[in-house]
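Working notes for the structure below.
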Amino acid sequence: GESVGLHLPTLSVQEGDNSIINCAYSNSASDYFIWYKQESGKGPQFIIDIRSNMDKRQGQRVTVLLNKTVKHLSLQIAATQPGDSAVYFCAENSFLRSNTDKLIFGTGTRLQVFP
Amino acid sequence: DTEVTQTPKHLVMGMTNKKSLKCEQHMGHRAMYWYKQKAKKPPELMFVYSYEKLSINESVPSRFSPECPNSSLLNLHLHALQPEDSALYLCASSLLQGPGSGANVLTFGAGSRLTVL
């Protein structure tokens, strides 16, 4: 079946370094992708999104890259801070004919930031 | 108001109990969602309401019964649950922008942590 998944379950980085979190997807029809951050005891929080007609999008300290050729998505966090410690999920959104959004999450990567 | 509010934050219930989880948003969003999240796993989609009509049911057992009384409220009625139903239940909402937009961001609540004894 179709799936959205991640390569690394845990990523440990030193404070101030850059972080890269990867995600692979298998549905070639996917046209919209979102990265969410989930801190302990909280719901997922939107970070950044990208549509399939783009290959890069930048936000504040974060960049998402999309490679449709190899169905790969990545989230880059610049100058990683302790507050960035969380689980990061990529998600694929499909807009169905029933006029409904269907958001499916990948498996998640835990980011641990050390001082 | 840019929040999705879920109550209760914690719920403990027996297998014969009937309880409800509640979700509320006042952002004018016309789609509302229920997700189930087990520990160290991604959220799994359960139900989607679009314009107050059930549009997606991901083959969820009938012991979970969703209800959307109006565009701001979403309930999840629980009856005869099993211990394996213990999880974090997340509600979300989004602004439907029409076909092809592909740019609808879901806003999530903090979740209701359910324990079934």
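Numbers below:
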quantity	calculated
Inter-centroid distance (Cα atoms) of the range B:47-117 relative to the range A:15-54, Å	21
In Hz, Karplus ³J(HN,Hα) per residue of the range A:74-79 (6.51, -1.76, 1.60; θ = phi - 60°; x = Gly, Pro)	9, 10, 10, 10, 8, 6
Projected-area average for the range A:35-115 over all orientations - Cα convex hull basis, square nanometres	6.6
For chain B, built as a Gaussian network whose Cα springs stay under 10 Å, the top-fluctuating residue of B:Ser71, B:Ser55, B:Ser94	B:Ser55
Calculated log₁₀ intensity ratio I(q)/I(0) where the Debye formula runs over C-alpha points of the protein assembly as shown, q = 0.18 Å⁻¹	-1.36
Calculated FRET value between B:Met15 and A:Ser94, using beta carbons and R₀ = 45 Å, to 0.05	0.80
Residue-count net charge about A:Gln58 - beta-carbon cut-off 15 Å; Lys, Arg +1, Asp, Glu -1	+2
Inter-site label distance for A:Lys71 and B:Glu44 at 7 Å from Cα along Cβ, in nm	2.2
Residue of B:Glu24, B:Glu84, B:Glu67 that the Gaussian network model of chain B assigns the largest fluctuation, springs spanning Cα pairs under 10 Å	B:Glu84
Amide N proximity, the range B:17-39 versus B:Leu95 label position 7 Å along Cα-to-Cβ, cut-off under 14 Å	B:26-31
Gaussian network model of chain A, springs between alpha carbon atoms under 10 Å - residue of A:Leu65, A:Leu73, A:Leu103 with greatest fluctuation	A:Leu103
Relative contact order, percent, the range A:39-92 [alpha-carbon distance under 8 Å, six or more residues apart]	26
Cysteines in chain B lacking a second Cys C-beta under 4.7 Å	B:Cys68
Reachable lysines from B:Lys19, criterion Cα separation under 30 angstrom, eight or more residues apart if same chain	A:Lys37, A:Lys42, A:Lys102, B:Lys9, B:Lys36, B:Lys38, B:Lys40, B:Lys41, B:Lys53
Mean separation of Cα contacts under 8 Å (6+ apart) over length of chain B, as relative contact order %	36
Point-to-point label distance, A:Ser28-B:Leu54, nm (Cα→Cβ direction, 7 Å offset)	3.6
Relative contact order of the range B:35-102, defined on C-alpha pairs under 8 angstrom at six or more residues apart (%)	30
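Where a number appears in this text, it was derived from the coordinates with a stated rule and is not lab data. Since this is a predicted model, take the numbers as computed values, not measurements. Quick reminder, even Gly has a Cβ in these numbers, built from the backbone with ideal geometry, and neighbours come from all protein chains shown.
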